[in-house]
Every structure is written in structure tokens, then in C-alpha cells.
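Remarks on the structure that follows.
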Amino acid sequence: MKTDTRYIFVTGGVVSSLGKGIISSSLARLLLSRGYNVTIQKLDPYINIDPGTLNPYEHGECYVTADGHEADLDLGHYERFTNIKTTKANNITTGRIYRDVIEKERRGDYLGKTVQIIPHITDEIKHNITKLGETGNYDFVITEIGGTVGDIESTPFLEAVRQLKWELGRKALVVHLTYVPFIKAAKELKTKPTQHSVKLLQQTGIQPDILVLRTEIEIPESICRKVAQFCNVSPEAVVQSIDAETIYDVPLLMHGQGLDRIVLEKTGLPATGEPDLDNWNKFLNKLKKAEKVINIALVGKYVELQDAYKSISEALCHAAAYCDHKLNLISVHSEKINDRNVEKLLKGVSGVIIAPGFGKRGIEGKIEAIKWCRENNVPTFGICLGMQCMVIEFARNVLGLDKADSTEMDESTPYPVIDIMEEQKQISDLGGTMRLGAYNCVLEEGSKAARAYGKLNISERHRHRYEFNDTYRSLFENAGMKCVGKNPESGLVEVVEIPDKTWFIGTQYHPEYQSTVLNPNPLFLDFIKASINRS
Ligand code: GLN
């Protein structure tokens, strides 16, 4: 173990959805801005090997890392806040821990021992935490424990944290995030749930070092002191996290209460000086000062779920802020779009995003939306399945290829303009088997996409099994839809565009995964610029 790496564990109590990911990301941002190297890891207590097989109703968006891991959406927050790429090692599930232990057992690695939750599962968890520190790359490893203290599922994770905290001494600390509800009828903030959740944590043998109290209204100092007293935490180490105007405020709110300084002091590091948050503040200023509104429609089948397209909405938010506009993202349910209502639904918007996805549901609505956008020259951005729908729409309505489709939707289509990739044909397992992660793409000189990126060689992340069917290429190109981005190794089409339109681009990849606060994605920026020009 690299002896000078510090380990910070973030646990949650009372209820889920308090925003452990945002607190972890905010702390990471502050430590980075003080010059430390930081990585954040999420431990998820479910049995799935990864969230790739979970649908968005269960788990929101599936985020994809550059090294091709289907990951929890919190990793998206980590990257957006820290501007540092995560990897497969940054998201571990109970399923993966058990799989690895069982594989070792089958290999005979345990030399005849009975394999048990303690020590074998907990050792495997500890190994997955400390191996990040052992890379020698990080001063801090922040590990967010998914779920809520008291859940049966997360018990082995907490036991691993307890052991590590004991072994690492001052080099480890626990930040516990809890909830302080405001009871309207009594007009009172209630700390009892926090006291109980800290007790639960203490029962597992873990004493939290820092408490972050989530609250909707300002918590007076006297209440923070009371919590400190009840929970054996020093008063200055009880900070509150009040509902913020934007999640990107949270690092500043935490810094305002000294969270970064407390972490440094408690882990024995010098806590002098201030974090350099200049660029962060520049972004925040733009985000908050923007008055003019840009209306963008997001067409997808999961638009009623606020987390299903998280990276897309954040990438749009970054881009709009940098263009000094306030984003008004209008959700349009793809299943509800038809040729009679499409104009009414999309008329007022300046740009349209056609969302990624899987399966047939909502496809025809997406195609209707694309047709209307193409005919009315509305800036349109198709991502993954969205790009595939742009191709299908063009085939049907411009090339006159009746019933053209993707073989994902209609295996017996007469015109399979989107078809399964060759290497996918033999695959039967669904988990982790798509074309995943970052691949290179070479853009055609003079294309709108190349101009947006300002370069020809790019790398973006993928998550798909189907692709543009190259046998139709010249038909498309002769009619005005160009394939302007290709993977240099496989020749797969990565970007299509209609150069005659103001902005009509589809990407097989997901540019939203690489958009961060300090490094907004160029294609999103260009799309927003075009949309602003139109409005
Ligand atoms: N379902 C399509 C495919 O597998 C698109 C996937 C996506 O939008 N991420 O190719």
C-alpha cells in the first residue's frame, strides 16, 4: 500500500438520493484545486456485475468509461467535477466482488480454506479500494459506499471500511451524509434520524469523522452543535449541505464551511492556502448570469426520468453556460410524437436532441421528429440510436427505401441501413459485450463536425451493437447525407451529417460522456451555438 495515500469513505444515512456522489465530487474538486491528485470510486451493493444490464427505470443512465466499463451514473459526476477520467476500477459492485472471489476459489487460490464473507469477501473489497492507492497516482482515494447505512446489502462494504480505518489510522476518514428533515407542521428541523443513522454506523464499528447534513433550509449552529455532541464528532466537522441552485455550487458551499480544510487537518496534511477555483468560478458565473434562454428539445422514451439522460442534460448545461445562455430543456416523449402533433411539439424550440436507446419503443416518434427537423432545417443532434434514426429517416423519406430500418427493430427489413456489427453476431451474453469505451475517429476535412472539434483526429466513447450499413454509403452520400467520421481501424461510420442543413449531425458515439465543467464537449458547444443562431 502506498503509505501516503489518504482514503476517504463517504457513507449515507436516513434515506437514499441525498447526493453522496455530488458531495464526493465536490470534495474531490476542492482537493484537486489545492493541487492534490484525487480519484473517486463507487462501491455499489447490488449483485449485477455492472449496471449495463439495468434499465433506466431501475438505475438512471448507464455511464461509460473510456476503458469501456458500463458504470454507475455517479462516475459521470466524478468526471464532470474533476475533469479526470475514471476507469473500470472506479466502480465495483457486490456482484463483481463475488464473481472474482468465486473465480479464485475455482482456481484453487484459497488452498483448501472455507471461503467466507469475512475475510475473503471483505479482503477482496479492501483490495479493490487500496489498489487505486497502490497505483501511486493519488494523494486521495475517495470511496463512495452506495446504499444507506443499515441496508443488509452494504454490510460487507462497511466491514471493509471499518477494517481499513483501523489499519490506516489517520490516513483514513469517514464522511457520513445524512438528512435533517424540516417538519412543516411543527416548524422544526429534526436531528433524530441523523442521530439514529450515526448510531447504526457506530454499531458496525465505524465512527464518522465528518457529518454532512442535507437540508432544505438553513440549519442553525446550535443544532449542528447538538448533532456534534450526540454523534462524537467535533463541532466544526458538522457541515450542512443545503439545497443549491445548481449542483456546481456545492464545492463552494462545502469550502465555505471548511470541508476541505477539515479533511486535510484530520488526515495530517497542511491546510494552509486556498484552493484555486478561478476556472470553476468563471463557469459558475456564466451559468448564473446567463439571462437569455435557449430552448432545446430532448426526444427520448425515458424523458420522464430525471436521471435517464443525465450526461446529455449536463453536457447541454455546460455548453449553454459557455455560450452565455440559460438552458431550457424541453422533454418530448418519443412515444407520443406522430405526424399530426410533431409540429406543435417542436415548433418553439431552437434545437433538437434525439436520444440514444435500445429497442423498438418510441422509434417511430423519433423518426417523425427527425423528419420534421430536417424539413424545417432545425439544428438536430442524433446520439447513437438517435444517429441511427437519422439514417433510417433519410433512407425512408429521401432515398425512398420503404420500410428501411435497423435490424435491431425489424430483422426482416428489406433495407437494413443499420445492421448488427460483424463481431457482435456471435455474442449471446448481454452484459458488457457491446462495443464499449473510447475509440478513435477521423473526421473529414471541411465537414461541420471537423470544424466543431477544430481537429480531425478525435476519440469518443461508445455503447452499441449496431452500425451504419456501409453497403448503402454511396446511395446516402449521393443524396446528401455524408459519412464524415470513421474509425480508422475498422472503417465503421462514426458521424453522419447533411452539409446542406444548418446543423444536422448524428454520432454513433456518445460525446456527452466526455463533457466536463472545465472541458465542455466541442460538438455540444457547436450545436448550442447553431441553435442560438437559429433563435
Ligand atoms: N441500440 C443501438 C445499438 O445497440 C444504439 C445504442 C445506443 O443508443 N446507445 O447499436
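The values are calculated or read from the model by the stated rules, or taken from the named source; none is laboratory data. Note that the structure is a prediction, hence the values are computed from the model and not measured. All Cβ positions, even for glycine, are placed from backbone atoms using ideal geometry, and neighbour counts span all protein chains on display. Please note that ligands, DNA and RNA were not included when accessible areas were found on the heavy atoms of the full protein model with its side chains. Shrake-Rupley method; radii C 1.70, N 1.55, O 1.52, S 1.80 Å.
Tabulated values for the structure
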quantity	calculated
Residue in region 500-513 that is away from the ligand (no atom under 16 Å from the Cβ) and either among the acidic types (D, E) or modelled with pLDDT under 95 (or both) present	yes
Options V303, V342, V349, V299: the member that is modelled with pLDDT under 95, farther than 20 Å from S25 by Cβ and surrounded by 19 or more Cβ atoms within 10 Å (Cβ to Cβ)	V303
Strands (runs of 3 or more DSSP E) wholly inside region 291-367 containing at least 2 residues that are polar (S, T, N, Q)	326-333
Answer from D419, D410, D429 - the residue that is acidic (D, E), over 20 Å from Q508 (Cα atoms), within 15 Å of the ligand (Cβ to nearest atom) and open to solvent by 20 Å² or more (accessible area, probe 1.4 Å)	D429
Any hit, region 477-494, residues being within 16 Å of the ligand (Cβ to nearest atom), under 15 Å from I383 (Cα atoms) and touching a residue at least 60 places away in the same chain (Cβ under 8 Å)	no
Residue tally, condition more than 22 Å from I22 (Cα to Cα) and touching a helix residue (DSSP H, G or I) at 6+ places or on another chain (Cβ under 7 Å), over region 154-169	5
Yes/no for V161 being in contact with an Asp or Glu (Cβ under 6 Å, 6 or more places away or on another chain) and modelled with pLDDT of 95 or more	no
C441, sole failed condition from (1) within 25 Å of Y513 (Cα to Cα); (2) in contact with a Ser or Thr (Cβ under 9 Å, 6 or more places away or on another chain); (3) within 14 Å of the ligand (Cβ to nearest atom)	(3)
Hits in region 466-489 - residues which are assigned to a helix (DSSP H, G or I) and surrounded by 13 or more Cβ atoms within 10 Å (Cβ to Cβ)	D470, Y472, R473, L475, F476, E477, A479
So I210, is it open to solvent by less than 40 Å² (accessible area, probe 1.4 Å), of a type outside the set (D, E) and touching a strand residue (DSSP E or B) at 6+ places or on another chain (Cβ under 7 Å)	yes
Residue ID - farthest from D74 (Cα to Cα), chosen from residues in region 143-173 that are in a loop (DSSP other than H, G, I, E, B) and touching a residue at least 24 places away in the same chain (Cβ under 8 Å)	G150
Unique residue being over 18 Å from M387 (Cα atoms) and either within 16 Å of the ligand (Cβ to nearest atom) or among the acidic types (D, E) (or both) when the list is E364, E335, E343	E343
All positions within region 368-383 that are open to solvent by less than 10 Å² (accessible area, probe 1.4 Å) and either within 15 Å of the ligand (Cβ to nearest atom) or more than 26 Å from V293 (Cβ to Cβ) (or both)	I370, F381, G382, I383
Condition check for I337: among the β-branched types (V, I, T) and closer than 21 Å to E245 by Cβ	no
Filter pass, N533 being in a loop (DSSP other than H, G, I, E, B), over 15 Å from C373 (Cα atoms) and either away from the ligand (no atom under 16 Å from the Cβ) or open to solvent by less than 10 Å² (accessible area, probe 1.4 Å) (or both)	no
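Residues checked against (1) closer than 30 Å to I84 by Cβ; (2) surrounded by 14 or more Cβ atoms within 10 Å (Cβ to Cβ):
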site: I102; (1), (2): no, no
site: R106; (1), (2): no, no
site: D109; (1), (2): no, no
site: H120; (1), (2): no, yes
site: K126; (1), (2): yes, yes
site: D139; (1), (2): yes, yes
